[in-house]
Each structure stands twice: as structure tokens, then as C-alpha cells.
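*Asks:* One structure, pasted below without further comment.
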Amino acid sequence: MTLTFLGIESSCDDTAAAIVNEKGEILASVVVGQTQLHADFGGVVPEIAARAHAEKLDGCVEEALATAGLRLCDLDGIAVTAGPGLIGGVMAGVMMAKGLAAGTGLPLVGVNHLAGHALTPRLTDQIAYPYLMLLVSGGHCQFLRVDGPDAFTRLGGTIDDAPGEAFDKVAKLLGLPQPGGPSVEAAAAAGNVKRFQLPRPLLDRPGFDMSFSGLKTAVLRLRDQLVTEQGGLHEQDRNDICAAFQRAVADVLAEKSRRALAANPVATFAVAGGVAANTELRTALESVAEAAGARFLAPPLRLCTDNGAMIAWAGIEAFRNGQRDGMDLAARPRWPLDKAAAPMLGSGKKGAKA
């Protein structure tokens, strides 16, 4: 019998449901974004996001089932993002999944959102363990050696802002619309990458850790300098700054990836997460992998950003690995993949932040 799972995702500002089987076939994938709800605030407002998830989750599940031509009783399990993420949204998804599991008797599997991203190459290409993963998104950036569905070794990561967060903040500094990643990439396409020189943080230090907060600050100072000298910021200035910023991020990630591959030779180097949708970044990382003799994998753009398919697949892998969760499954705002690694951003009352 082929396992078929429903996956529910609500960790940030995308409400998603998908139905996937263990052959890697995505039978249905529904994603409802919230960009317009948060447009006036320059970023995601957790309370607004949580309420939107609560309103949209049942409709997403119904649409996914209809698209797949299945009923709940045709499924073999329910997987749900149980963290990390904005706690209100995570709770909405977990409660939805618990209700469905209680009503149908289907097995419930709580999934780490980051594992969903990290296991995406297994969904799309059925690659073998182990492989090296660069997880790069709005809230996370880390190198992971993936040896199994619950075996992740963190090699390094960002010590401050994640690249996606830096893209969002730079877009806000330059008056570009959110989400910042696509806006900055579009502006950079019309920019002169050689006009401004921005720093490449931590490249002068060994290891695989990264930093993007200083790069964001450098953009702020450059913007203020141009405004002072010219009395304002022109469109071409924005484009040129975006091009320089994007190239700096790509250079840092490419060099750190080169080091990680040299120290951890594997057959496959994969990238996942929302920032993996950036074309310049993909190109840079593909060149690094080719030079190291590794296969390069990046998911289709629709699977880079948050989606239910990756959660359903991670749930299937965890289920086959023996995981079952009960009605005591808790929503977690923090949930590191490598439980043995020291927190990179400190630790609070509820556990490690990263």
C-alpha cells in the first residue's frame, strides 16, 4: 500500500495544505498568501497572520482534498508543522490537525518546519542520504548534513540576521514593497553591480558561520550618504544598491558553501528555503557544487517558499521512521533541528532560538 498524507503548514504568513504520497507525487497543493494583509505594516504582523490562518485552514484542506479527488478516509495520516514559527499560526495549524486526527482516527505526525525544507530534495528527486543542505530563508540560514529524517548535523549558520530577513529590511530601507526578496531581485536586475562596494562579512574568518546584519547596516549608511549628497534617492541608486547587496549575499553564501563542501564531501549539495528562489544565488551555488564535483539540487520555485507538500513528505518520512504523536502535541515557537548543537542566537525560557 502506498502511504498518502495530508500536510498542513501555517508557521508564518502562508496558509497551506497538500496531499502527497510516498512515491513523491504531489496530488494537490494549495497555498493562500497574506501579502496584502501585511502590506501596510512593512512586515508580517503575528496576530493578523494567526487570525488569517484560523480563517483559511479548513478551506485549504477542503480544496486540497477536492483537487486530489480524495476523502479524509482515503488518507493514511496527517502531518502538521508543529514549529518553529509564529506561535499563533503554528497553534492554528496544530489544532486543525488534531481535530482532523481525532475525528477520523488517522495517525498524527508533528513536523519541524525546517525539516520540511531540508527534506524537500528527497520529495522532488528521491536522493539518498547523506547530503549537504543549505537552508536559507526569511528566518533561518544554516548548513546541515542530512543523514536521515531525524538526523541533522548543523555545520554552521548565521549569527544574526538570516538572508531573507536582510532582504526584507533592505527593501524597507529603500522604499521597496514587501516581501523584500522578489522586490530587491527585480530592482537588482536593472542595477549596476560594480557601482557600489559592500562588505562580505566573516569571509576573513574560518568556518561556516555567517553574518548579514552588518551588510544591512552598510546599505543604510550608503543610502543616507546618497540622500545627503544628492538631496534624495533616485531609482537608479536603488537599483544599483540592490545589485550590490544581492551580489554580496551571493558571494558570502557561495564561499561558505565552498568551505562546507570541502570539509564535508558528499554526492549532493542542495539548497532550500524561500531565498533559494533567488536566481543569482542559485547560479552562484550551482557553480560551487560543480567545482566540488557534487550534484546541485534546488527545488522548483513553488516548493522554495512555505508549502504543505514539504510538510506532508516530512510527515511520511517521520511516520516510516516510527514517529506517532498524540493529542498532547505542542506548538513550538523554537525547535532546532540539531538538538546537540549549541544555540547560535542564545536561549530563552522556551529553548534554543536557533
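The values are calculated or read from the model by the stated rules, or taken from the named source; none is laboratory data. Computed from a predicted model, the values in this text were never measured in an experiment. With ideal geometry, Cβ positions are generated from the backbone for all residues, glycine too; neighbour counts draw on all protein chains shown. For the accessible areas, the whole protein counts, side chains as well, though only heavy atoms, and no ligand, DNA or RNA atoms are used. Shrake-Rupley method; radii C 1.70, N 1.55, O 1.52, S 1.80 Å.
*Asks:* Taking 0.36 nm per intervening residue step and subtracting the Cα-Cα distance, what contour gain separates GLU63 from PHE41 on full extension?
*Replies:* Extending this stretch completely gives an extra 5.0 nm.
*Asks:* Over the Cα atoms of the stretch 1-156, how large are the radius of gyration and the largest Cα-Cα distance (Dmax), in Å?
*Replies:* 15.8, 49
*Asks:* Now for a separate question. 7 Å from Cα along Cα→Cβ at both THR279 and ASP150: what's the point-to-point distance in nm?
*Replies:* 4.2 nm
*Asks:* Accessible area per residue of the stretch 254-298 at 1.4 Å probe, in Å²?
*Replies:* Accessible surface, normalised per residue, equals 40 Å².
*Asks:* Run through the DSSP bridge list for the chain and note the antiparallel percent, rounded to the nearest 5.
*Replies:* 60 percent
*Asks:* Treating only the Cβ atoms of Lys and Arg (+1) and Asp and Glu (-1) as charged, compute the dipole magnitude of the stretch 175-329 about its Cα centre; round to the nearest 20 debye.
*Replies:* About 260 debye.
*Asks:* How are the Cα pair distances of the stretch 173-282 distributed, in percent, across 5 Å bins from 0?
*Replies:* Over the stretch 173-282, the share of Cα pairs per 5 Å bin runs 2, 11, 20, 23, 19, 11, 8, 4, 2, 1, 0 percent.
*Asks:* I've got another one for you. Going highest first, how would you order 80-91, 176-187, 21-32 by mean Cβ packing within 10 Å?
*Replies:* Output ranking for 80-91, 176-187, 21-32: 80-91, 176-187, 21-32.
*Asks:* Can I ask one more? Sorted by mean Cβ packing within 10 Å, highest first, what order do the peptides 269-277, 317-325, 199-207, 238-246 take?
*Replies:* Those peptides, ordered most packed to least, come out 269-277, 238-246, 317-325, 199-207.
*Asks:* How many lysine pairs are close in the chain, with Cα atoms under 15 Å apart and the two 8 or more places apart or on different chains?
*Replies:* 4
*Asks:* Need one number: nm distance between label points at ARG295 and ASN192, each 7 Å from Cα along Cα→Cβ, rounded to one decimal.
*Replies:* Placing both labels 7 Å along Cα→Cβ, they lie 4.4 nm apart.
*Asks:* Toward the positive end of the charge dipole of the chain, about the Cα centre and with charges on Cβ (Lys, Arg +1; Asp, Glu -1), which of TRP313, GLY180, VAL271 goes farthest?
*Replies:* It is VAL271.
*Asks:* Now for a different question. In whole Hz, what ³J(HN,Hα) sequence does the stretch 309-323 give by Karplus (6.51, -1.76, 1.60; θ = phi - 60°), x for Gly and Pro?
*Replies:* 5, 5, 6, 4, 5, 4, x, 4, 5, 5, 5, 5, 8, x, 7
*Asks:* If you average the C-alpha positions of the stretch 31-46 and of the stretch 269-310 separately, how far apart do those two centres end up, in angstrom?
*Replies:* Spelled out, the Cα-based centre of one part sits 25 Å from the other.
*Asks:* Here's a follow-up. Rounding to the nearest 10 and keeping the result within 0 to 90°, find how far the Cα-based axis of helix 163-173 lies from the longest principal axis of the chain.
*Replies:* 50 degrees
*Asks:* LEU173: net charge of surrounding residues, Cβ under 11 Å, Lys/Arg +1, Asp/Glu -1, itself excluded?
*Replies:* Every neighbour counted, the sum reads +4.
*Asks:* Given the stretch 97-178, report the % of alpha carbon pairs whose separation exceeds 14 Å.
*Replies:* Distances greater than 14 Å cover 71 percent of the Cα pairs.
*Asks:* If you add up the charges near VAL146, with Lys and Arg at +1 and Asp and Glu at -1, over every other residue whose beta carbon is less than 12 angstrom from its beta carbon, what do you get?
*Replies:* -1
*Asks:* In debye, nearest 20, what is the charge dipole magnitude of the chain about its Cα centre with +1 on Lys and Arg Cβ and -1 on Asp and Glu Cβ, if you could check?
*Replies:* Dipole magnitude for the chain comes out near 840 debye.
*Asks:* Using +1 at the Cβ of each Lys and Arg and -1 at the Cβ of each Asp and Glu in the stretch 178-246, identify which of CYS242, PRO199, GLY232 lies farthest towards the dipole's positive end.
*Replies:* Result: PRO199.
*Asks:* While we're here: Please list 36-49, 108-121 highest first by mean number of surrounding beta-carbon atoms within 10 Å per residue.
*Replies:* Output ranking for 36-49, 108-121: 108-121, 36-49.
*Asks:* With θ taken as phi - 60° and the coefficients 6.51, -1.76 and 1.60, list the Karplus ³J(HN,Hα) couplings across the stretch 279-287 in order, rounded to whole Hz; mark glycine and proline as x.
*Replies:* Each residue of the stretch 279-287 in turn: 5, 5, 5, 4, 4, 5, 5, 4, 5 Hz.
*Asks:* Report ³J(HN,Hα) in whole Hz for each residue of the stretch 61-66, in order, from the Karplus equation J = 6.51 cos²θ - 1.76 cosθ + 1.60 where θ = phi - 60°; Gly and Pro get x.
*Replies:* Once θ is set to phi - 60°, the couplings for the stretch 61-66 become 5, 4, 5, 5, 5, 5 Hz.
*Asks:* Oh, and also: Counting Lys and Arg as +1 and Asp and Glu as -1, what is the net charge of the other residues whose Cβ lies under 15 Å from the Cβ of ARG195?
*Replies:* 0
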